[in-house]
Structure formats: structure tokens, C-alpha cells
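Structure record follows, encoded as C-alpha cells.
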Amino acid sequence: MSTLVVVVASLGYLVLLFGVAYFGDKRALQGRSITNNPFVYALSLAVYCTAWTYYGSVGRATETGLEFITIYLGPTLMAPLWYILLRKMIVIAKSQRINSIADFISARYGKSAFLGSAVTIISIIGIIPYISLQLKAVSFSFDILTQQGGPQAFFEGTSFYQDTAFYITIILAAFTILFGTRHLEVAEKHEGIVAAIAFESIVKLVAFVSVGLFVCFGVFDSPIDLFQQADKIEELRNLFVIDQNHGSQPWTWAWLTLISMSAILFLPRQFHVAVIENKHPNHVNKAIWLFPLYLFVINLFVMPIALGGMMEFSGQNVDADTYVLSLPLAYGNEYLALLVFIGGLSASTSMVIVATNALSIMASSNLLVPLLLRTSAIQGDFVRDVSGRLRSLRRLIIIVILILAYVYFISIGQGTSLVSIGLISFVAVAQFIPSMIGGLFWKDGNMVGAIMGLLAGFMIWAFTLPFASLVQAGIIESELIEKGLWGIDGLRPFALFGMEGMDKVSHSAFWSLLVNAALYVIGSLYGKPSVIGHTQANLFVNIYKYTGGQTESAFFRGKAQFVDIRLMLNRFLGYEHSNDLLNRYARNHNLELEKIKEASPHMVLYAEKLLSGVIGAASARLLVGSVVKEEPINLYEVMNILDETQQLMRYSQELERKSEELRKATLDLQSANERLKEMDALKDEFITTVTHELRTPITSIRSFSNILYDNPALEDEKRAEFLAIIIQESQRISRLINQVLDLEKMESGHADWNLTQLDVGLVVQESVRRLQSLINEQEIKLHLDLPNHLPLIRGDKDRLMQVVINLLSNAIKFCKPDRGVVNVRMVYTDEDLILKVSDNGEGISPEVQPYIFDKFTQFTDHRSGRRQGSGLGLSITWRIVRYHRGSIEVESSPGEGATFTVTLPLSETRRLPMKTPSFNRTP
Amino acid sequence: MRQKTSAKLIGVFLLFATLFNYPILQIWGSEGSLLGIPHLLFSIFALWLAMILCLVFVVERRIVKSGKSKISSQ
């Protein structure tokens, strides 16, 4: 095909691409973004598939069979974890206005400028081979298509100006600059680029699938036919066998999967499209299955193309990396070949555009701006448009990176396959795993650990992969590979510490990551983070707690002149843009810009975030530091903040406790109220009862007195009988009144207690004696069971006798008539004296039992149906026993009689005061 | 809900990370073919597709559910 056609087609394609980008930008400006949906997001992630995938996979498949697929299985396996990892990274990046992975790491570890530049340097050195492989792919595909003899042609003595790759480099540089550096504020995103990348993802997929279909159905009859033919050749058959002798080593397989898992998140360009250009964290959800699906489809035809190419070109000197293009050409299908070339071009250009762009943002923010700020080149007093200068800086960086990639390509990239070049970059990027994953989930991971781990990992990588490949390519003359560094056997780059048998990539990944992770952990455990490092760690790890909050400003005490802030923003963001943003800020916070003299810490932070969108967190911090009189927050202030929080927590605890107390008090009050109501009802009942009790004897006294008064001539015998009744009834009244008074005294605490040492046995005997006549009258059998030597207790003899008499007379009263039996028994233990009085009467029904010691509870005599007694006896008894610190209980079931048990504790009664202080009737 | 989805997705990851690696990989790598396609190729792509379906099932069902609950809560 003529060179002119190819050039015109390529340029035409690039113009189309630019059109797509322009359209994307325009729509974004109109507020009708075409990139704000999960499908475009997933397609933009497919920038992962570069010339490596497009040409290189086939080449790799011819050598190691299905091993190439690990590079796509890794990201597929990573996809479900995006839900946790990527979403968190996006939320953090948005809240901190992060503009690259270097910025992310630097911001996480205390906005360290050193760490930012270290990550940048690692990224640039690591990615250059990767970019060079794109240059290689584009140039050889161009040469093949225009039949200039393949990639070997320019190897022999041609100058660079005759070299296709050189012109391709220039065109790509121009194109990237046109694309990437029109806007400055990265946080505002490059909608156009994303649209173009998504478009390119479709182009390369369509082109690759077309070749696949062509090979399966054009060259062969069907895929089955293809596999059957391949099965006849042993060399090809072995590509599909995994056992001891064939297939990739277990270690290689696992390591390739692991490093490609890290690549999909941490490659600077992947971080850029997945995190920085992300429009909404929820877009991740759909990408979780859409992106693996894309990878699935683009890999379907790799094996058929590889097998087809091997059978077609067996014995010929055709580089397997070119099969995708050579196959259609071999069958004279020039249009398909052109489509394939365009597809390959799109795979390469998308990678180059995004990668160089991401690297230039990184380098300008983390390397050049801090350098300029330090040398105070832009700290001058006069206003100057720094934003323009930054833009030129970025363009310069893009050119430098592409030139470096070109140099790498002509010096070492030519002899090696695409995939082996790319894997070098993957291992470099894998060095970010410990500090990124640790930074996201481990609050104690700190700057010391991150720096130690990254630098050590990077050095091991550099020694075992790129440096060793320079030696291998003969660029550095050395016996390093065989004899080791400084002749030390343990320092051979492919067998560090004598570990042999692993392939180069796994070997390098193993050692670098092991040392990296170990140092990260050790450094973090022993190093001390700065205050800002601490804050940032907390903000990153617990991002979901803080999103929407203003936590950062609590730890930031900087104040600045508003003029300075405005000037700074004008310089870096451009005059109009920055004024727009400031006006918006003022509107949102109800401020009048003209009246602001001093910018609040919150406003300073806002400015810092705006700046960090352009120049990165570390630089923004430096810059803001130059105008802000920041009183660095010291430990004392942190303690204060913590103290305040703690105090607040204490207050709320106190409040909780108080309200709990209040709740309890209310409950107590309620129950007290209930009791009062009950007692009130009881009182009413008592008055009725007492009145009734008083009225009965008074009525009889009055009627008998009347009879005596009206009949003076009454016979003596009758008169004596009536007088006896009157006396008896009067006694009953006075007894009742005495009891009421007694009870009242005890309740109010005014009772007199006459305490002496006494023998309760004697008290019982005396009580029995007093009731003897009653017992005889009722014909009751009394069993008295008293031990000989009872311990003395301290108590009031008269009152205790009252207790015994009450209990005994109750027992007598309720005994079975004629066959009454009353048992009185006393026992004692070391602690207690126990008196039991039981009868064989009707017993007390369970419903009444709980109330029998309450006042005015009267027993109904089943024989007479009348209520017996005043209802005060047991109540008084209970009070006397309680006074002696004892207890009284009743056991009874209806028909079985009742047993009253009085327990008097010996030790407690000894402690009773010898004499009550008031109303003492001293003997 | 979020926690549950995370757990399910981690589960999918662990399952397929095991299936796609040694020593289980060797089971798929035997000689012979299925429907005219070599064993290894067939099983890796079949597993790959199965994994994508699992992801669709977990992620999309979550979206459908949360969408429904939004409507019902309004």
C-alpha cells in the first residue's frame, strides 16, 4: 500500500479523533456531557489495552501459550475489588482535589514533597519503556503496511531523520500537547480526552475482532477447523497443555496476575482515567462487569490469530508481534490491513496521550513547581501569569518524555518483544502497592515507611530489570549477569541471593515487593508521622466519615491576607477563572468579596485545594505556606481539640445519666403515688372500721346504762351482769384506743422502748401463763417446746410479750373448736432465735396472706361470719419484730392451719441501743 | 446493603482467583478438546464469562434493589 494512503488515512483518523475530543469538550461546556455515564467510563478504562494487547499478545501467545492472558485476568479479578478500593480512591481524590497518583501518595503521607517527587521519578522511569513499545508498534506496523521491510530496516545505519518512529514520535507529541494542555485545572477534567479515549476503545476492539473473524472464517473454514489443524502440530498443541514440562510456571502465572492487578489501578494513566477523570463514584459499579467484558471480547481471538500466524508463516522470518497485520496482508486484504493499522494506531495513541499527559501533570506538580517555588522564581512581587507558564512547562515535559521513550526504543527496545518491554513497567508500578493499599486502610502507615519501601523497591526493580536488560543488550559492557554486582555471587540481577529458577519478571517482582512491603511496615511502626501526616492519614483511611464535613479546617490554623490569596489564585488559575471561583465561594458562604480583609482558615484551605488541582497537593501546600502566616498546629492545640471533644462527650454522658435519674425518679414518684392512694383508701377503710368497732361497744354500754338508769329496782343479779358487760365493753374500747395510739407512736418513731437483756423463753412462758384461763376455757391442747438454755437477746420485754400474746391469742382464736391444738416451739442457731407458733385452724387463704401484716386487715371467722379483732394486732406485732431487726413470716394453706415464724437475729439485736433517748422511763 | 455487596464481591474475587491459578489451573490444562476447542482455552474463557455473569448478578441486582427501595420510600 502506498505510503501516501497510509499517511493520509492516519492523519485523517487523528483529525477525526480530535473532532471527537472537541465535540466532547463542547458538550461539557454546554452542560450536556457525553462522558458522564458509566459506559463511557468503562470504555475509557480500556485505555489499558494498548499496542501490547493489540499486537503483543499474539506474539506472546506464540511463545508461552495462554500465559499472555494473566495480564487480563489480573484486572478482571481486580474489578470486584474496585467496589471497595477504587470507590474509596475516587472519594478521597475528589475531596482532596488530587491530580495524579504521585499527588495521592504525597497527600496521604503528610503532603510530602519528597515522596511526591519520588513517585513521579519512579513513574516516569517506569513508564518510559511502556511508551517506547507504543512507538515501536506504530512504526513497525507503518513500515509493514508500506512494505519497507519491517522493523529491522532502520536498524542498519539509518539516521534518525529517516526513521519512521522518529516522525511518529513528533506527531504523537504534537497531538498529545494539542489534546492535553489546553486547560489547566486538572480537577475540572478533560472531557474531550475521555470522549476520544472511549471512541478509540471502540475502534481498536472492532478492528481486532475483524482480524479475528477474518482468520477464523476467511483463512480457515471455522475456528474448529483452525484448532483441528493446529492440533496436528505438536509445537502448537503444547501451547494448550499445562503440566510439569509445558506451560507457564505456577509462580510466573501468579506474579503476572498480581502485577497486572496492581497495574489496572496504579499505572499513572489508569489512575488518571479511573480516578481523576471519574464523574461519579457510582459509575464504578457498572464498570465492574463492563470492563472485564471488554477484556474478554478483545482476548477471544488472540489464540486463533497466533495459531493461524504460526501455521501460515512457519519457517519464514516473520515477527510474531506483527501477525495481526501480516495475516490480512498475506491474503491481500489491504483494506482490512488498513483497518488493523488504524486500530493499532488508536491503541497506541490513546495510551501515549493519557500516559504522557498524566506524567506531565505529575512532573510539573511534583518536580518542577516545588523546584521553582524553592528557588523563588515565581515568588516575585509582580503579578505574572503563572498559569501560562505552567502550561508551557507541561508541554515541555511531554516532549521530553516522548524523546526519552524514543531513545529507549532505538537503544534497547528493538530486539525485544512488546510484552517483555511492557512487563518492566508493570513491575515498576507494582511498587506502589504497599504505600497505596496501606495508605487506604492502615492509619499507622506513615511517610517514613512509604519512602523507605518505595525507594528500596524501586532500586531492586531498577537493578533486576532495566539495568540488567541494558547489560544484556550489550549497551553496558559487564559480566554483571554471570558474576553479580562487584563480583558478589549473591547479587546477580536474575538470581538475587542465589535464588534461581524464576523468570526475570517474577524474580524482580518478588524481591522488590517483598523488601518494599517489609520496609513499609517496619518504617511505619518505628517512624513518627508529623501532625499533618496524622491528619491526612485519618482523612484518607476514614474518608467516609468525613465526606461533607469540615474536619480539615479544625486542624488548620492558617490565616492570610485576602489580597494575597486572590493574587495567588489569579496567577495560577488565570484571572477570570479564579475570580469566578472566588465569587462562587463568596456566594456560597454569604460573604462580600470587597469587604474581606483577612481570609479565614477555611478559605485558605479552599484556595489550597483549588491550587492543588493544578499543581498538586505538595506544591499547593508550599505555595500557600508562602503567603499564609500559618501558626503550625502543635501538640498542645491538638490536645486542646481532643480535650474539647472529650469534654463534649463527658457532658453528653452526664446528660444521659441525669435523664436516666430523672426517669427513675419519675417512676419512684409514680409508685409512691400509687402507694399513697392505696394507703388513703386503707385509711378511709380504717376510719370506717374503727368507727364501727367503737360504735358497737358504745351502743351496748349506752343501752345497758339506759336500762340501769330507767329501772332502779332491777334485781341485783341482773344489775351485776349488766355492769359486767359495761365494764367489759369499756375495756374493749380502751384496748382499741391504746392499740391505735401504740401503732401511731411506732409509726412516727415516738414509741418508748425499754431495752434489757432478756430470755425469750421466759417471755413465752409468762405469756402462756397469762393466757392459761383462755386456753383452759377453749379446751385447747398446747404443746410448748422450749430449749433449756436460750441465748439472751437485747429487747423490750413488754413488747416482745405482746408479740407472743398476739400470736398465741390469734392461734387460740382460730383453732378448731374442741379439738384445738397449738404448738409453740423455739429453736436457735448461732445467728438467729426462731419462734414458731402454729395452730390447726382454717388456715389463711393465699389471697389474704400478703396483706395480713398490713393495718386493719381483719380475719373473717368462718364460724360466725363476723370479722374478728381490730385488725391492728398483727400489724403491731410486725412493727415490734422489725424494731428488733427481725422478720416475721406466715406459712399456711387453707384447712391446714397456719404457722407464724418470728426470726430474731442475735447479732443485730445486740447492737440495739441500750436505752432509747427520748421519754425514758428509767427504773 | 453496601457491606453485603462488598462481601459478595470479595467472595467472587476469592473464588475466581483460586480457579484461575495453580494448582487448579492444571485441571483445565489437560490434553484434548471440548467442542473442537482445546480444554484449557475453553475452560478459561468459560470461567471468565461465568465470572462476568456473577459480577452482573451482584452489581446489577443491587442497583435494581436500591432503585426500588428509593421509589417505595418516596
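The values are calculated or read from the model by the stated rules, or taken from the named source; none is laboratory data. These numbers come from a predicted model, not from an experiment. All Cβ positions, even for glycine, are placed from backbone atoms using ideal geometry, and neighbour counts span all protein chains on display. All accessible areas refer to the heavy atoms of the entire protein, side chains included, with ligands and DNA or RNA removed. Shrake-Rupley method; radii C 1.70, N 1.55, O 1.52, S 1.80 Å.
What the table below lists for this structure:
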item	result
Output for the range A:277-315, where each listed residue is within 14 Å of another protein chain (Cβ to nearest Cβ), part of a loop (DSSP other than H, G, I, E, B) and within 21 Å of A:Tyr41 (Cβ to Cβ)	A:His280, A:Pro281, A:Asn282
Residue ID - nearest to the other protein chains (Cβ to nearest Cβ), chosen from residues in the range B:24-36 that are closer than 20 Å to A:Tyr72 by Cα and modelled with pLDDT under 80	B:Gly29
Any hit, the range B:41-61, residues being among the hydroxyl-bearing types (Ser, Thr, Tyr) and modelled with pLDDT of 80 or more	yes
Residues that are open to solvent by 10 Å² or more (accessible area, probe 1.4 Å), in a helix (DSSP H, G or I) and either closer than 30 Å to A:Val206 by Cα or not assigned by TED's automatic domain parsing to the domain that holds A:Ser141 (or both), drawn from the range A:333-371	A:Glu334, A:Tyr335, A:Leu336, A:Leu338, A:Leu339, A:Ile342, A:Leu345
Within the range B:48-60, tally of residues that are more than 7 Å from chain A (Cβ to nearest Cβ) and crowded, with 18+ Cβ neighbours inside 10 Å	2
Residues located in the range B:3-23, provided they are within 8 Å of another protein chain (Cβ to nearest Cβ) and hydrophobic (A, V, I, L, M, F, W, C)	B:Leu9, B:Ile10, B:Val12, B:Phe13, B:Phe16, B:Ala17, B:Phe20
Options A:Ser730, A:Ser809: the member that is under 23 Å from A:Asn840 (Cβ atoms) and not charged (D, E, K, R)	A:Ser809
Candidate set: the range A:480-498, residues that are exposed (fewer than 15 other Cβ atoms within 10 Å of the Cβ) and part of a loop (DSSP other than H, G, I, E, B); chosen: the one modelled with the highest pLDDT	A:Phe497
Matching residues, the range A:3-38, being among the β-branched types (Val, Ile, Thr) and either in contact with a Lys or Arg (Cβ under 9 Å, 6 or more places away or on another chain) or open to solvent by 50 Å² or more (accessible area, probe 1.4 Å) (or both)	A:Thr3, A:Val5, A:Val7, A:Val8, A:Val15, A:Ile34, A:Thr35
Pairs with Cβ under 6 Å, 6+ apart, first in the range A:59-71 and more than 18 Å from A:Phe313 (Cβ to Cβ) and more than 11 Å from chain B (Cβ to nearest Cβ), second of a type in the set (A, V, I, L, M, F, W, C) and part of a helix (DSSP H, G or I)	A:Phe68/A:Ala61
Flag for A:Pro850 being farther than 15 Å from A:Val902 by Cα, under 60 Å from the mean Cα position of the chain (by Cα) and open to solvent by 60 Å² or more (accessible area, probe 1.4 Å)	yes
